[in-house]
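Notes follow once the structure below has been shown.
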Amino acid sequence: MEIELSKITLRPFKLEDADDFFLFAGDDEFTMNLRWKTLTSKQEALDHIKDVCIPHPWRRSICIDDRSIGFVSIFPFSGEEDKFKANFGIGVAVKYWGQGIATRAAKMAVSQFFVDFPEVVRLEAFVDVENLGSQRVVEKAGFQKEGVLRKYAHVKGKLRDLVLYSILSTDFHAAQAQAEAEGCLS
Ligand SMILES: CC(C)(COP(=O)(O)OP(=O)(O)OC[C@H]1O[C@@H](n2cnc3c(N)ncnc32)[C@H](O)[C@@H]1OP(=O)(O)O)[C@@H](O)C(=O)NCCC(=O)NCCS
């Protein structure tokens with residue numbers, strides 16, 4: 001089923017998403033590279049939306065026709081010293097992989113987040129070295145690779161090497177200005 005990318009929208013989660021959320025977050029293949037446990041019931045999905053998604057400062061449901069098919073999160077650090085940076089994460093239901101949906105949603109999220117949190121100048125993404133799809137998604141959304149953090153975090157009981165990526169608000173605005181200028185010239 002080919003999805004037209006212009007149909008993708010981002011919006012806050014709501015309790016009514018529980019059934020759709022369980023469809024993807026109840027799948028071991030989806031959670032394999034995430035720190036969450038695979039959900040085992042619709043009640044857990046409802047609790048997760050209520051306790052984690054809704055209170056989150058910037059977690060959006062990736063939707064097609066307003067039905068949830070994934071999430072994108074950008075978590076701003078708190079405190080005077082650290083509020084200049086935020087942490088990026090994304091996931092799309094397995095049946096929709098490979099259609100450019102995560103790339104599109106990541107670009108939309110970064111763009112909107114820099115408007116919503118103008119004090120944040122740096123977004124970071126920590127991606128498992130084996131998670132090539134996710135590396136490609138953040139690269140296509142404009143993140144730059146900074147290096148590999150060896151044996152950096154436990155995910156699903158295994159100590160993993162993670163690739164550190166970042167995008168600065170200045171990079172983002174410069175790329176946007178260049179794209180607009182090229183659009184005007186062509
Ligand atoms: C990673 C993930 C978000 C990618 O979603 P997606 O919608 O399939 O991504 P896209 O279709 O936008 O693909 C973007 C690029 O990645 C490539 N890609 C996707 N999956 C890949 C894989 N398993 N191996 C290699 N490349 C892959 C695509 O070919 C595409 O590159 P191209 O445009 O150069 O051809 C998805 O696999 C997912 O939700 N995984 C589970 C959650 C997760 O691991 N999140 C990341 C945590 S850091």
Where a residue in segment 87-100 is among the hydrophobic types (A, V, I, L, M, F, W, C) and outside any loop (DSSP other than H, G, I, E, B) and its partner, wherever it lies, is more than 6 Å from the ligand (Cβ to nearest atom) and open to solvent by 30 Å² or more (accessible area, probe 1.4 Å), with Cβ under 8 Å and at least six apart
Val94/Asp27; Val94/Glu29
I need a count of the residues in segment 24-36 that are buried (at least 18 other Cβ atoms within 10 Å of the Cβ) and over 14 Å from Lys156 (Cβ atoms).
2
Scan segment 101-123 for residues that are open to solvent by 20 Å² or more (accessible area, probe 1.4 Å), in contact with a Leu (Cβ under 8 Å, 6 or more places away or on another chain) and either within 16 Å of the ligand (Cβ to nearest atom) or acidic (Asp, Glu) (or both) and jot them down.
Arg104, Met108
Give Gly98, Gly89 a once-over and let me know the one that is near the ligand (Cβ under 10 Å from one of its atoms), under 22 Å from Asp128 (Cα atoms) and surrounded by 13 or more Cβ atoms within 10 Å (Cβ to Cβ).
Gly89
List, please: which pairs have Cβ atoms under 7 Å, are six or more places apart or on different chains, and start with a residue in segment 118-136 that is under 26 Å from Leu159 (Cα atoms) and end with one that is assigned to a helix (DSSP H, G or I) and within 6 Å of the ligand (Cβ to nearest atom)?
Val127/Ser134
Selection from segment 155-175 of residues outside any helix (DSSP H, G or I) and either in contact with a helix residue (DSSP H, G or I) (Cβ under 6 Å, 6 or more places away or on another chain) or free of Cβ contacts under 8 Å to residues at least 40 places away in the same chain (or both) yields Gly157, Lys158, Leu159, Arg160, Asp161, Leu162, Val163, Tyr165
Scope segment 26-46; condition of a type outside the set (Asp, Glu), more than 10 Å from the ligand (Cβ to nearest atom) and outside any loop (DSSP other than H, G, I, E, B); matching residues:
Lys42, Gln43, Ala45, Leu46
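The values are calculated or read from the model by the stated rules, or taken from the named source; none is laboratory data. On a predicted model such as this, the values are computed, not experimentally measured, just so you know. Positions of Cβ are backbone-derived with ideal geometry, glycine not excepted, and every protein chain shown enters the neighbour counts. Accessible surface areas use protein heavy atoms only, side chains included; no ligands, DNA or RNA. Shrake-Rupley method; radii C 1.70, N 1.55, O 1.52, S 1.80 Å.
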